[in-house]
Amino acid sequence: MSNKKGRLSIRIWITIILFMFMGSIAGGVESMYLGLYLNNTVFKDGTMGAALTLTDTINLIASLTAVVSGITTFVMGTLSEKMKNRKLFISVGFIIWGIVMLIFSNVRGGKVGNFFGLRGISEIITVTSITIIAFSLVLAFLRSTTSDAAFSSWLTDVSTPETSTIIEIAFTIMGFVSTGVITFLVASAQSGQREYSDIFILFGMMGIILGILGFVLIENPRRIKKSKKKEQETSYWSDLFYGFKPSTVKENRNLYLILSSGCLFNCAYRAFYPYLFIYIASVVIPANKGVNILSAKVVLPAIIAIIVAVVSILTLMKAYSKSKAASFIPSVLCFIVGLLILSSTKNIVGIIIGLVPGLIGYIIIMIQFGATVRDNIPKDKVGLFQGIRMIFLFFVPSIIGPTLGNIAAKNSDVTYMENGAEKVLPTESMFLYAAVVAALIFIPMLAFLKKDKERALKEENN
């Protein structure tokens, strides 16, 4: 899997890049594309008296998929550890995810209305929204099984302290690339060049093809092939609740401190992320006389520039400092500054100024958090900690974050009208809510940095 110097083989890197990209696409469909799809199709003419508003629906998707994803990763991560077959979970999971996406491409207002025999516009909007929510839960189960439980465990299996940071850099880059791809496709759908359903079909085919390739590319790490006597003596249910034992928390205090920091960071991030592209498309662009910052000509160069800046900053940090505080503290401050700027303006220039520190801080935090979490997970119990990791980094943030964003939208005094109908849309105040939560990151983070420094000194003395 890797050589003695801890380097990964080309085959592993190809597997990492392909499945990171597809996993990011799957996550982007839930957290970003479904919101845009709802805004531009189901709620195109406003709420029209429906029981659910746009932000209500997005909040429900984010919160309910978080519950499903958390439970799924918790259960399936432990099961993949017991069965010692990551390949099966990853490959079959993506194939089924792709099939569900193909079915989902037929979900639209007219077809849902005809299927249920509905005539009223408000009823059609409500039932279509509920149907989309239901599909999002199925997609969340499959994505969590493949990416969050099995693939994340496989990544931790193959990573070493020497490669964990570069793996997280690759993960972040693939996240931005997938966002660029989704943005480009959405822009083409908005311009009428293709149907929104065609994008679901494209993603579905990609999932099926990659799932098939997984049977060839993925190799189960040697560690999980070996049957240890201690592992054979433990039951599935004992392993399932392993991460909740007080003794486990005590033995892995640093891991739980960094997970707590990551939880607060993701709560802040998810207070605005599910609503971000709707905010830009429906609030920012109209406020700036139609200047489209979602076009490929703007998004792709911006992504490349930010990636180059982040990689350069990380290289300098690695060259001049071994202290985690040197990257953690400045990056969180950078993230908060960006959020505060974004919360104070709708002007396109001001937004770009805020996005630069916000995104750079966000990317570095993501890379450092991901690498540090992987380094602190016991290598002999990787699958057992995926559920705990999911609870801290996705489950709780996906409930708290979008709820804060929805509260910000509903508490706003600004009313938006679209095609003569009132519409609840995200507002810039969601960034202020996020900044307040982000400031709380320092509480567990400083405790972690102190403990980590003590551990490093102890290792040096030994």
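Remark: the Asn411-Leu446 segment gains 9.3 nm on full extension, using 0.36 nm per residue and subtracting the alpha carbon distance. Among the listed pairs Lys250/Lys458; Lys82/Lys458; Lys87/Lys245; Lys111/Lys410; Lys87/Lys381; Lys250/Lys381, give every one whose C-alpha distance is greater than 23 Å. The pairs that break the limit, which is 23 Å between Cα atoms, are Lys82/Lys458; Lys87/Lys245; Lys111/Lys410. Say R0 is 22 Å: what FRET efficiency, to the nearest 0.05, do Ile130 and Asn40 get from their beta-carbon distance? Plugging the Cβ-Cβ distance into 1/(1 + (r/R0)^6) gives 0.75. For the listed peptides 175-181, 445-451, 86-92, 56-62, a ranking on the average number of other beta carbons within 10 Å per residue, highest first, reads 56-62, 86-92, 175-181, 445-451.
In this label model, Thr160 and Thr345 are separated by 4.7 nm, measuring between points 7 Å along each Cα→Cβ vector. For the peptides 250-259, 31-40, the ranking by mean Cβ contacts within 10 Å, running from highest to lowest, is 31-40, 250-259. Taking 19 Å as the cut-off, the amide N atoms of region 146-181 that come nearer than this to a point 7 Å along the Cα-to-beta-carbon line of Arg11 belong to 151, 154-160.
Read-outs throughout are calculated quantities, based only on the coordinates presented, and are distinct from any laboratory measurement. Being a predicted model, the structure only gives us computed values, none of them experimental. Cβ sites come from the backbone with ideal geometry, for glycine too, and all protein chains shown count toward neighbours.
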